[in-house]
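Inspection log for the structure reproduced underneath, given as structure tokens.
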Amino acid sequence: MIFWNSLYSFMVVSAIVGSQHRQLEKHLYWMVLLIIFFVSGFRWAVGTDFGAYQHIFEGTTRLAWGNLTVIAVLNEIGFVGLMRGIHALGLGYSGLLVATSFIFFLGLHKLAIRQPNPLAILVLAFPLLIINLPMSAIRQGAAVGFICFAINAFCDRKLLRFILYVFAAISFHVSALMFLLLAPFIYWNFS
């Protein structure tokens with residue numbers, strides 16, 4: 001707990017200092033982004049669903065592809081495919097944590113750098129998104145990473161790209177399906 005409070009305090013101070021010095025903010029942004037990615041991706045036995053996802057990973061990677069097809073159709077096929085790919089590379093469960101954290105943080109990064117103060121986006125995302133998703137709910141974390149890409153496509157009014165990113169998110173967690181409801185509004189004028 002002390003680590004998280006210290007890290008968050010460092011992020012807040014960095015955002016305040018960085019807002020006065022743009023070049024320093026850029027360096028602090030990358031330092032904070034890399035720190036939270038490494039803490040999230042390379043953790044062990046941390047997170048509420050750690051054991052459950054480890055059990056799912058080990059069970060899914062033991063199944064034959066024929067049996068896996070039914071499971072993949074009924075569940076999130078992107079997540080199942082990622083688990084199988086990680087297993088085929090011999091990376092194990094730690095590889096899955098790194099991969100899902102990478103998807104989340106890459107999406108968050110692509111969303112943050114479009115804002116006037118990207119470090120402030122990390123500070124705002126930290127308490128809820130960063131702690132609760134890639135650190136506890138890795139499927140949802142990867143889905144949110146793809147949704148961040150979808151939001152950028154929405155802002156750019158790229159309908160096909162928006163839909164593809166939402167479907168990528170759905171392949172990790174079906175709850176992302178609700179973002180398809182935004183598609184009809186992609187060409188509306190928003191402030």
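Worth pointing out:
- Subset tally (residues that are open to solvent by less than 10 Å² (accessible area, probe 1.4 Å) and either more than 12 Å from F37 (Cβ to Cβ) or free of Cβ contacts under 8 Å to residues at least 24 places away in the same chain (or both)) for the range 108-123: 2
- Condition met for Y165 (modelled with pLDDT under 95, open to solvent by 30 Å² or more (accessible area, probe 1.4 Å), among the aromatic types (F, W, Y) and over 18 Å from S40 (Cβ atoms)): no
- A search for C-beta distances below 8 Å between a residue of the range 87-101 that is farther than 17 Å from G59 by Cβ and any residue that is of a type in the set (S, T, Y) and buried (at least 19 other Cβ atoms within 10 Å of the Cβ), counting only pairs 6+ apart in sequence or on different chains, returns S101/S40.
- The residue that is surrounded by the fewest Cβ atoms within 10 Å (Cβ to Cβ), among those in the range 124-140 that are more than 15 Å from L177 (Cα to Cα) and in contact with a Leu (Cβ under 7 Å, 6 or more places away or on another chain), is A125.
- Applying a threshold of 8 Å to beta carbon distances and a minimum spacing of six or more residues, or different chains, the list of pairs starting in the range 169-191 at a residue that is of a type in the set (S, T, N, Q) and ending at one that is assigned to a helix (DSSP H, G or I) and open to solvent by less than 30 Å² (accessible area, probe 1.4 Å) reads S171/G78; S171/F79; S175/A143.
The values are calculated or read from the model by the stated rules, or taken from the named source; none is laboratory data. In this text, all values refer to a predicted model and were calculated from it rather than measured experimentally. Note: ideal-geometry Cβ built from the backbone for every residue, glycine included; neighbour counts use all protein chains shown. Quick note on the areas: whole protein, heavy atoms, side chains included, nothing else; ligands and nucleic acids left out. Shrake-Rupley method; radii C 1.70, N 1.55, O 1.52, S 1.80 Å.
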